[in-house]
Amino acid sequence: MKGRIHSFQSLGTVDGPGVRAVVFMQGCPLRCICCHNPDTWDVAGGEEIESEKLVEKILRFRNYFAGKGGVTVSGGEPFLQSAFVCELFEKLKVHGIHTALDTSGCLWNEDVERLLAFTDLVMLDHKYPTEEEYRLYTKGSLETTEKFLGELEKRGIPTWFRRVIIPGKSDSPASVASLNEVARRHTCVEKIELLPFRNFCVEKYQALGIPFPLAETPTPDKETMASLEALLDEKYR
């Protein structure tokens, strides 16, 4: 089966446990105001590749991610090509490779359900605490993400929460405390990662002729990040 990928990173260190090969899929249905990769939005963009060829490419780097590492599929949004990712993960599991998804959980269908059978870890972008904020800042739905989280809980799939901390949008103590509360209600959640917003993507938007709504938004300082992380239960840090 063929899929479309945006890019490939051979030695990722921030996309799951250990050193990882990271596949960034092409296409995303959301329009998050903080998106760093607007060039992944177009489902027809990127590079077309056979799943077997991608597996061969990944295996060339296996010595680097052996042990605690593995392969992470990110995006864009991997679930737009869930049948392809499922085939990829199924082939990787034959080689005993740890598999992880970095997803917004914004879709649910039979292909996504089959994909979870070959997924060892899900890094779920739980972006905002309310439906109103989700619709305003992502054009997506918290309800869909929560439904997907329920499926992860039902299957007992290890889950990490991720949230980008954006000054004036998602940096309030109440917002982070609510994320902690959601984690407490789901035994599948093992970790919460708070990621500081950065506006390094401005040039990408300019090249595409798209206005970046957070171009003037600063990166939260270390003190702010530390104070928010202190609100999380110790087991999630």
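The values are calculated or read from the model by the stated rules, or taken from the named source; none is laboratory data. What you are looking at is a predicted structure, and each value in this text was computed from that prediction instead of being measured. In this analysis, Cβ positions are derived from the backbone assuming ideal geometry, glycine residues included, and neighbour counts consider all displayed protein chains. The protein model used for the area step is the full one, side chains on, heavy atoms only, and it has no ligands, DNA or RNA in it. Shrake-Rupley method; radii C 1.70, N 1.55, O 1.52, S 1.80 Å.
Quick look at the values:
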| quantity | calculated |
| --- | --- |
| Extreme residue, surrounded by the most Cβ atoms within 10 Å (Cβ to Cβ), among residues of the stretch 107-119 that are touching a Phe, Trp or Tyr at 6+ places or on another chain (Cβ under 7 Å) and either free of Cβ contacts under 8 Å to residues at least 24 places away in the same chain or of a type outside the set (Val, Ile, Thr) (or both) | 115 |
| Condition check for residue 151: farther than 29 Å from residue 41 by Cα and under 17 Å from the mean Cα position of the chain (by Cα) | no |
| Residues (in contact with a Gly (Cβ under 9 Å, 6 or more places away or on another chain) and either over 19 Å from residue 16 (Cα atoms) or surrounded by fewer than 17 Cβ atoms within 10 Å (Cβ to Cβ) (or both)) located in the stretch 169-211 | 186, 187 |
| Residue in the stretch 20-61 that is surrounded by the most Cβ atoms within 10 Å (Cβ to Cβ), counting only those that are of a type in the set (S, T, N, Q) and outside any helix (DSSP H, G or I) | 26 |
| Checking residue 96 against (1) under 23 Å from residue 20 (Cα atoms); (2) without any contact (Cβ under 8 Å) to a residue 40 or more places away in the chain; (3) in contact with a Leu (Cβ under 7 Å, 6 or more places away or on another chain), the condition it does not meet | (3) |
| Odd one out for residue 84 among (1) in contact (Cβ under 8 Å) with a residue 40 or more places away in the chain; (2) aromatic (Phe, Trp, Tyr); (3) open to solvent by 30 Å² or more (accessible area, probe 1.4 Å) | (3) |
| Residue within the stretch 214-226 that is open to solvent by 40 Å² or more (accessible area, probe 1.4 Å), under 19 Å from the mean Cα position of the chain (by Cα) and either over 21 Å from residue 40 (Cα atoms) or without any contact (Cβ under 8 Å) to a residue 12 or more places away in the chain (or both) present | no |
| Residues (free of Cβ contacts under 8 Å to residues at least 40 places away in the same chain and open to solvent by 40 Å² or more (accessible area, probe 1.4 Å)) located in the stretch 120-142 | 130, 131, 132, 133, 135, 136 |
